[in-house]
Amino acid sequence: AKNSGRNQVQPYTEKMGAAVIERARIVEEVSLGLPRGELVPFYQPQIDLNTGEITGFEMLARWHHPSRGLLSPHAFWSAFEDHRLSLRLTAYLFDKVMQDLRRLSGEGLDAGCIAFNVSNIAFGHPKIVPAILSALRSFRYPVKKFEIEVTEDVLFGRNEQPAIEKLTSLRNGGVSVALDDFGTGNASLSHLRRFKVDKLKIDKSFVDDFNAGKGDRAIIEGIIGISKGFGMSVTAEGVEKLDQAIALKQMGCDTAQGYFFEKPMSYEGMIDLLRSGKKY
Ligand code: C2E
Ligand code: CA
Ligand code: CA
Ligand code: CA
């Protein structure tokens, strides 16, 4: 049995080795790409389902890869997961966003509340919260108009107590906190009793074709009910069709984002959109 075990291990380690090398290559490429300005913030508007107005934008990172074109985070996920790079990448994107917002207000425009994703690895860094708060202060950015998105898994396992303390100090600093992909992770509802967040985000997987299966509709109604019960607001992502937007509005969902409204866009696209004063 031992011999055959050894034989089975061989192809597995080869595959693992390839994945490790691929991840290391991406981390290296992103590290080099940062000073070259290859990483850029894109922005997707969030729409008030009752008024049709833009309430703010979620920043979604993009990588202008020198040979492979514009890439989504799935293509460079390991950069967000790498212990050393994730914090540098987060700080870099944060800086870019602050520069964009400063230019925007120079144009007399207001983007509303900006939501910023922080990976679990970056959130695990002991200095992440003071870094965010002091950067907001140095940019003289109104904290009220800044939201951090974390997934419920930041609370999972041994990290729960430090994570709760971080979320609390962010909120005490005036930054709002959204739980991303709510319902897809490992946290349980009892977590919500022990710490407060400002918003729940309904994951796209629940919004996809929820009319077809009754189950997903019940999940969405449940999440909206929970958010109301706890005094939180609720945003749905991945809204691609009019009937989804209508149903979400009827169920009491506050805001939504998705291709039905707009795809994530460059800074220039965001400027044009805000100038147009468009309502949905
Ligand atoms: P997420 O936070 O769940 O973001 C929503 C994703 O759904 C985004 O993918 C967005 O472009 C996409 N999306 C929005 N509306 C629609 C729609 O109607 N249809 C479809 N098919 N997709 C839609 P994206 O931009 O590729 O980002 C993927 C994930 O990468 C994000 O998922 C987020 O977890 C992560 N991410 C993006 N930017 C950052 C960042 O700056 N930092 C960190 N830590 N993570 C980021
Ligand atoms: Ca998000
Ligand atoms: Ca996510
Ligand atoms: Ca999601």
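The values are calculated or read from the model by the stated rules, or taken from the named source; none is laboratory data. What you see is a predicted model, and the numbers here were worked out from it, not measured in a lab. Cβ sites come from the backbone with ideal geometry, for glycine too, and all protein chains shown count toward neighbours. Keep in mind that these areas ignore ligands, DNA and RNA; they rest on the heavy atoms of the full protein, side chains included. Shrake-Rupley method; radii C 1.70, N 1.55, O 1.52, S 1.80 Å.
Before moving on, here are some points about what is shown:
- Which numbered condition Leu133 fails, given (1) open to solvent by 60 Å² or more (accessible area, probe 1.4 Å); (2) part of a helix (DSSP H, G or I); (3) more than 16 Å from ligand 1 (Cβ to nearest atom): (1)
- Listed by first and then second residue, the pairs linking a residue in segment 68-80 that is more than 7 Å from ligand 1 (Cβ to nearest atom) to a residue that is open to solvent by 50 Å² or more (accessible area, probe 1.4 Å), with Cβ atoms under 7 Å apart and 6 or more places separating them unless they lie on different chains, are Leu70/His64; Ser78/Arg23.
- For Lys199: the one exception among (1) crowded, with 19+ Cβ neighbours inside 10 Å; (2) without any contact (Cβ under 8 Å) to a residue 40 or more places away in the chain: (2)
- Residues in segment 202-244 that are part of a strand (DSSP E or B) and open to solvent by less than 30 Å² (accessible area, probe 1.4 Å): 4 in all.
- Where strands (runs of 3 or more DSSP E) fall entirely within segment 22-126, those with at least 1 residues that are open to solvent by 40 Å² or more (accessible area, probe 1.4 Å) and more than 30 Å from Ile246 (Cα to Cα) are at 54-65, 69-71.
- Residues in segment 46-84 that are within 16 Å of ligand 4 (Cβ to nearest atom) and closer than 22 Å to Ser276 by Cβ: Gln46, Phe57, Glu58, Met59, Leu60.
- Pairs meeting the criteria (first residue in segment 223-243 and farther than 13 Å from Thr255 by Cα and more than 16 Å from ligand 4 (Cβ to nearest atom), second residue among the polar types (S, T, N, Q) and at pLDDT below 95, beta carbons under 8 Å, at least 6 apart or on different chains) are Asp243/Asn211.
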